[in-house]
Amino acid sequence: MNISEIKDLMAQFDQSSLKEFSYRNATDELSFSKNDNVAASAGSTAAQVVQTPVVAPAITAESVAPAQVQTVEANENTVAVEGDLVDSPLVGVAYLSPAPDKPAFVTVGDSVKKGQTLLIIEAMKVMNEVPAPRDGIVTEILVDNEEVVEFGKGLVRIK
């Protein structure tokens, strides 16, 4: 991939509504992110948003240090959350409330009935309700408001 192709991809990404973009082929890996990194100066109350496109080197199994692998394994064993996962039925933007000024559909600890709306996923300007598959209690909400979700991504856990 040459520099003009990268600049073209950056321009298209900048004009899109995507928050993150990754591209990988046999020799190159490219990642862009518009996630907000807020940095405040010591004498000012104004914050600036830093948007930095990143070109990351490909990571292979040989390049991962054993200490990093052990840390990941230790963290996976310490987290045990109960309940069934409700997966995203489509790709889109998740909204936890019906409107910005309204309360969330559900919060952790809420009791839900089968068919009750857990959240909304917007796809192609259509709002799609995600219903509870069964009665239960919400034990975990795995997405943030206005987060872009992929098909099959875990959204909510119900016990």
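All of the numbers you see were taken from the coordinates with simple rules; none came from a lab. What you see is a predicted model; the values in this text were computed from it and never measured.
Each residue of segment 115-132 is assigned a 3J(HN,Hα), and the resulting list reads x, 5, 5, 8, 6, 10, 10, 8, 9, 6, 6, 10, 8, 10, 6, 9, x, 6 Hz, derived from the Karplus form 6.51 cos²θ - 1.76 cosθ + 1.60 (θ = phi - 60°), x at Gly and Pro.
When only alpha carbons are used to place a centre, segment 1-25 and segment 105-139 end up 34 Å from one another. Kirkwood radius for segment 92-159, taken over all pairs of different Cα atoms as the inverse mean of 1/r, rounds to 12.0 Å. Backbone amide hydrogens, once placed in the peptide plane, bring Val112 within less than 5 Å of Gly136, Ile137, Val138, excluding anything fewer than 5 places away on its chain.
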